[in-house]
Amino acid sequence: MTRLRVAVVDDSALCRAQLRRFLEVDGDIEVVAEAENGERAIELVATHRVQLLIVDLQMPRVDGHETITRVMAHTPLPILVLTGTPLGPERKAVFESIRRGALDLAIKPSGSDPRSQQELREAVRRLAAIPVVRHVAGKLDARPRHPVRPSVAPGPDSTAPLVVAIGSSAGGPVALASLVGALEPDLAAAVLVVQHLPAGFAPAFAEFLASRTRLRVSAVAERQPLRCGHVYVAAGEFHFGLSSPEHVGPVAGGSRSGHVPSADVLFTTVASQARSLGAGIVLSGMGEDGKEGLLALRRAGGLCLAQDKDSCAVWGMPRAALEAGAAEQALPPLALAEVVTRWARSRRSAGS
């Protein structure tokens with residue numbers, strides 16, 4: 001059996017030994033290298049043919065952020081950041097690691113919690129299976145060579161807000177920040193976002209988005225009216241979406257494709273409640289979450305888009321949406337922002 005080759009960078013020898021024990025228990029993962037700081041990370045990755053790097057953010061000398069930057073500049077590969085539940089200054093730091101090139105986040109497992117240890121191993125297997133991971137930040141700002149016009153024709157007059165729903169997973173936070181950061185505060189639509197996250201990261205994610213956009217960001221814990229120029233995210237580990245054409249809130253239901261909240265659930269509520277007044281976008285991520293819901297939204301007359309392959313860190317969810325015919329165009333984040341802005345403006349003008 002060929003084992004996955006993993007390196008661990010953590011300043012605590014005790015934590016490194018514990019992680020090795022957690023990772024190697026099933027026999028299909030091997031920790032081939034360890035380091036106490038980021039200075040040795042590049043050397044370890046190159047000399048040990050590492051397939052995935054696990055990094056702790058808080059380290060002396062060369063910290064986790066600088067380690068990620070150096071590795072992605074010299075030897076790009078999947079990077080998983082381990083952290084405790086983000087509190088205080090660390091709340092923003094965890095998403096800075098994603099901006100630097102890390103692919104995903106995970107909670108440090110407890111020695112008394114076999115489930116968290118298993119979840120870490122599953123995350124390593126998923127990320128290591130991605131064939132190519134590259135730092136795509138430079139491609140996020142790409143704009144279409146030719147103007148892209150929404151293909152959805154203006155619909156009937158309605159007082160309900162327009163809705164832009166976005167589903168995102170691994171590699172998605174940076175693309176999402178680029179997209180919402182390009183939207184103007186007077187956007188004639190409300191924005192609903194599902195981002196796959198470890199448990200406990202929702203508040204930090206809301207703060208991260210708020211620091212990247214001029215729109216107001218709200219973490220949704222209960223039913224509330226939609227407002228144009230606002231971004232809504234789930235405040236915890238529950239599905240959320242439209243509960244009426246004019247309201248957003250929690251949505252009952254179990255896990256969909258292993259995710260809570262789920263992009264499929266979000267898009268399905270927009271398809272049923274907003275119909276042609278809704279737009280859906282699938283960003284970087286593993287798996288197929290969002291494909292079925294986006295297809296339902298397209299059939300309901302909504303504008304349906306996906307992130308393009310060149311700007312994606314993980315070409316999984318967007319590819320699934322495109323291959324299913326759920327997404328009609330694939331574009332980089334800034335171009336997606338331009339399209340939904342024009343779509344919202346034209347729809348609202350037609351209905352005024």
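Considering only 168, 272, 110, the Gaussian network model of the chain with Cα springs below 10 Å gives its largest mean-square fluctuation to 110.
Largest mean-square fluctuation among 252, 175, 235, in a Gaussian network model of the chain whose springs join Cα atoms under 10 Å apart, belongs to 252.
When a/c is below 1.5 the answer is rounded, else prolate if a/b is larger than b/c, else oblate, so apply that to the range 157-351 with a ≥ b ≥ c taken from the square roots of the Cα gyration tensor eigenvalues. Rounded shape, in that the Cα axes give a/c under 1.5. Helix 333-351: angle to the longest alpha-carbon principal axis of the chain, degrees 0 to 90, nearest 10? For 333-351 against the chain, the angle is about 20 degrees.
Inter-part distance, the range 246-295 to the range 186-211, computed on C-alpha centroids, equals 15 Å.
Axis of helix 64-74 versus longest Cα principal axis of the chain: the two differ by about 90°, to the nearest ten degrees.
What residue among 324, 234, 182 has the largest mean-square fluctuation in a Gaussian network model of the chain, using Cα springs under 10 Å? The residue with the greatest mean-square fluctuation here is 324. Anisotropy class assigned to the chain is prolate, per the alpha carbon gyration tensor with a/c at or over the 1.5 cut-off and a/b larger than b/c. Simple spin-label estimate for residue 159 and residue 113 gives 4.7 nm between the two label positions (7 Å along the Cα-to-Cβ direction from each Cα). Scanning residues 5 or more positions from residue 243 or on other chains, those with amide H under 5 Å from its amide H are 248, 249, with H placed 1.01 Å from N in the peptide plane. Here the relative contact order of the range 4-135, from alpha carbon pairs under 8 Å that lie six or more residues apart, stands at 24 percent. Taking a ≥ b ≥ c as the square roots of the eigenvalues of the Cα gyration tensor, an a/c ratio of 1.5 or more together with a/b no larger than b/c marks the range 1-72 as oblate.
With contacts taken as Cα pairs under 8 Å and at least 6 residues apart, the chain reaches a relative contact order of 15 percent.
Spacing of the modelled spin labels on residue 207 and residue 12, each 7 Å from Cα toward Cβ, amounts to 2.1 nm.
If you line up the long axis of helix 90-100 against the longest principal axis of the chain, both from Cα atoms, how many degrees apart are they, to the nearest 10? Once rounded, one gets 90 degrees. Annotation: amide H of residue 329 within the under-5 Å range of 306, sequence separation 5 or more or interchain, hydrogens built in the peptide plane. How much net charge surrounds residue 185 when only other residues with a Cβ under 11 Å from its Cβ are counted (Lys, Arg +1; Asp, Glu -1)? It works out to a net charge of 0. Among residues other than residue 216 with Cβ under 14 Å from its Cβ, the summed charge is 0 (Lys and Arg +1, Asp and Glu -1). The residues packed around residue 196, meaning those with a beta-carbon under 10 Å from its beta-carbon, carry a net charge of -2 if Lys and Arg are +1 and Asp and Glu are -1.
Rule-based calculations on the coordinates, nothing more; no lab input. Because the structure is predicted, anything quoted here is derived from the model rather than measured. Because the Cβ atoms are built from the backbone with ideal geometry, glycine has one as well, and the counts that use them run over all protein chains shown.
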